[in-house]
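Here the structure comes first, spelled out in structure tokens, and everything after it is commentary.
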Amino acid sequence: MALSGGHKDRGELRIHESLDELKTDLADYIAEISEASVKERGVFAIVLSGGSLIGLMGKLSEAPYNKTVDWSKWYIFWADERVVAKNHADSNFKLAKDSLLSKVPIVPSHVHSINDTVSAEEAADDYEFAIRQLVKTRVVSVSEISDCPKFDLILLGLGPDGHVASLFPDHSALDEKEEWVTFITDSPKPPPERITFTLPVINSASNVAVVVTGDSKAEAVHLAIDDVAPECPLIPARMVQPAKGKLAWFLDKPAASKLEALNSSQ
Ligand SMILES: O=C1O[C@H](COP(=O)(O)O)[C@@H](O)[C@H](O)[C@H]1O
């Protein structure tokens, strides 16, 4: 690893020399949290995003993880979803299913994807209702400090504009404090209609990992992590601040290239 360490309140930085090294570290990290959650709670409630994250999780479907992980205890959710049919090329569910979930023995009823037959607003309401039922049965824990669900692990990607899940810069969805899941119909990145976890839910998780590769995201990584001037834009990724949970950043060197930590250690 090129660098591993903490950055004050911005969590743990795991900066990797190569994509292969990042993929192995990410698979080890997820497998460890899965094992700890199953030991403590009997289940593992993991939240996925879409985009490049899923390819970077690919090692989980290979040895040793395909045999050592207790897949039967996994419950899968999405931090955001595009409101398209489940077989549509833009679907985050389809991406995860084709690249990962179909390759490991996940219990089909443990996969909680959105209702793709209704409007974005209804899909967000339905998804929140489904999560509420799973909080009641403690498949998903509940936060001690808010009424929010406390997922064992939320995995996020990062857009070059600083968006995480479908929380985009300067969008009113960033201000949502009551709902667990909200919807947007004007996403600046297509497709326009999406549902997304809100910041209170993301920040109530036990563990949040943001996985970022490539130099097109270096500026967003810098704005999300470094102590930047107050006039710099406040990007959504900077608002990811788990109240009690742990935050980790999985970066390759190009994504980390504008970080003070990397530049001062060279
Ligand atoms: O639209 C989305 O974009 C982000 C980032 O995707 P990436 O391909 O640049 O990694 C992703 O995290 C989110 O889930 C997705 O809906």
Here are some residues: 224, 209. Which one is part of a helix (DSSP H, G or I), modelled with pLDDT of 95 or more and either among the acidic types (Asp, Glu) or within 14 Å of the ligand (Cβ to nearest atom) (or both)? 224
Within the range 47-70, restricting attention to residues that are surrounded by 19 or more Cβ atoms within 10 Å (Cβ to Cβ) and either over 22 Å from residue 21 (Cβ atoms) or among the charged types (D, E, K, R) (or both), which residue is nearest to the ligand (Cβ to nearest atom)? 50
Cβ-Cβ under 8 Å, sequence separation 6+ or interchain: first residue in the range 114-139 and within 15 Å of residue 80 (Cβ to Cβ), partner among the small types (Gly, Ala, Ser) and assigned to a loop (DSSP other than H, G, I, E, B). Which pairs? 116/85; 116/91
Across the range 71-98, the tally of residues that are surrounded by fewer than 20 Cβ atoms within 10 Å (Cβ to Cβ), of a type outside the set (Ser, Thr, Tyr) and in contact with a Pro (Cβ under 8 Å, 6 or more places away or on another chain) stands at 3
What about residue 185, is it at pLDDT 95 or above, polar (S, T, N, Q), out of contact with any Phe, Trp or Tyr (no Cβ under 8 Å at 6 or more places or on another chain) and more than 19 Å from residue 81 (Cα to Cα)? no
Top-ranked residue of the range 157-175 - restricted to ones that are under 28 Å from residue 56 (Cβ atoms), more than 10 Å from the ligand (Cβ to nearest atom) and not small (Gly, Ala, Ser), ranked as surrounded by the fewest Cβ atoms within 10 Å (Cβ to Cβ): 170
Among the residues that make up the range 103-114, is at least one of them within 14 Å of the ligand (Cβ to nearest atom), of a type outside the set (S, T, N, Q) and modelled with pLDDT of 95 or more? yes
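The values are calculated or read from the model by the stated rules, or taken from the named source; none is laboratory data. Every value quoted in this text rests on a predicted model; they were computed, and no experiment measured them. Positions of Cβ are generated from backbone atoms using ideal geometry, with glycine treated the same way; all protein chains shown enter the neighbour counts.
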